[in-house]
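Engineer: Have a look at this one.
The values are calculated or read from the model by the stated rules, or taken from the named source; none is laboratory data. Everything numeric here is computed off the predicted structure, so don't read it as measured data. Neighbour counts are summed over all protein chains in view; Cβ atoms, including those assigned to glycine, are modelled from backbone coordinates with ideal geometry. Just the protein is used for accessible areas: all its heavy atoms, side chains included, with ligands, DNA and RNA removed. Shrake-Rupley method; radii C 1.70, N 1.55, O 1.52, S 1.80 Å.
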Amino acid sequence: MALLLLVGLAGLLLSSRGALAQTVELPVFDIARQDGALVLDFQARPVLSRAVEDAMLKGVPLYFVAQATVLRPRWYWRDERVARATRTWRLSYQPLTGQWRVSLGALGQTVGSAAEALAIVSRASGWRIAEPGEIEPGERYQVEFSFRLDNTQLPRPMQLDLAAQADWRLSVERSVRLE
């Protein structure tokens, strides 16, 4: 009887832990050759945990990073990196004004809700990940893509115990071969 109770309790803990784990869906992911360059369109749907939402509402800025690496396969050595493109978005909440701010480099935009801010942060359209001089027509390439919450840019006191918390792990990766 005690063994059944322990097994049931362990199952309950594991299922509740899985419910807390963050996920990112990637419903849109397209790579195309356009004017000799490689262009990426993506849309991610991150599901934030309660801990992340609470931190955002307290004014802690979050950084989301999208990175695409273009590789040329080689049989005699490891794959050659042809191009790498990175975008970093800063998402912050201003508690005094009640507005959300999304920044991409020097560009910034203010929106009224967290859902609008996350929609801006989690998509890109027409993003050039490789220029015409970097890729050759007819060659095969491998594109490795990742979208993640960058915990290394959080304030230092918050980074101390994040390694053990699954609530703050948020990422998705995709690898595509181009012919």
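Engineer: Take I129 and tell me if it is farther than 25 Å from Q165 by Cα and in a helix (DSSP H, G or I).
Structural biologist: When the stated conditions are applied, I129 does not pass them.
Engineer: So which pairs qualify, if the first residue must be in segment 71-83 and more than 14 Å from L178 (Cβ to Cβ), the second must be modelled with pLDDT under 90 and of a type in the set (K, R), the Cβ gap must be under 8 Å, and the two must be at least 6 apart or on different chains?
Structural biologist: E80/R74
Engineer: Okay, moving on. Criterion first (out of contact with any strand residue (DSSP E or B) (no Cβ under 9 Å at 6 or more places or on another chain) and free of Cβ contacts under 8 Å to residues at least 24 places away in the same chain) does W100 satisfy it?
Structural biologist: On the way: out of contact with any strand residue (DSSP E or B) (no Cβ under 9 Å at 6 or more places or on another chain): no; free of Cβ contacts under 8 Å to residues at least 24 places away in the same chain: yes.
Judged against the criteria, W100 is not a match.
Engineer: Further, regarding this structure: When both residues are 6+ apart or on different chains and their Cβ atoms are under 6 Å apart, which pairs have a first residue that lies in segment 125-144 and is farther than 20 Å from W75 by Cα, and a second that is loosely packed, with under 15 Cβ neighbours inside 10 Å?
Structural biologist: S125/D41; P132/G36
Engineer: Report the residue count in segment 27-57 for those that are assigned to a strand (DSSP E or B) and acidic (D, E).
Structural biologist: Result for segment 27-57: 2.
Engineer: Another question, then. Where in segment 58-123 are there strands (runs of 3 or more DSSP E), lying fully within it, with 1 or more residues that are open to solvent by 70 Å² or more (accessible area, probe 1.4 Å)?
Structural biologist: In segment 58-123, 80-94, 99-104, 107-111 are the strands (runs of 3 or more DSSP E) which contain 1 or more residues that are open to solvent by 70 Å² or more (accessible area, probe 1.4 Å).
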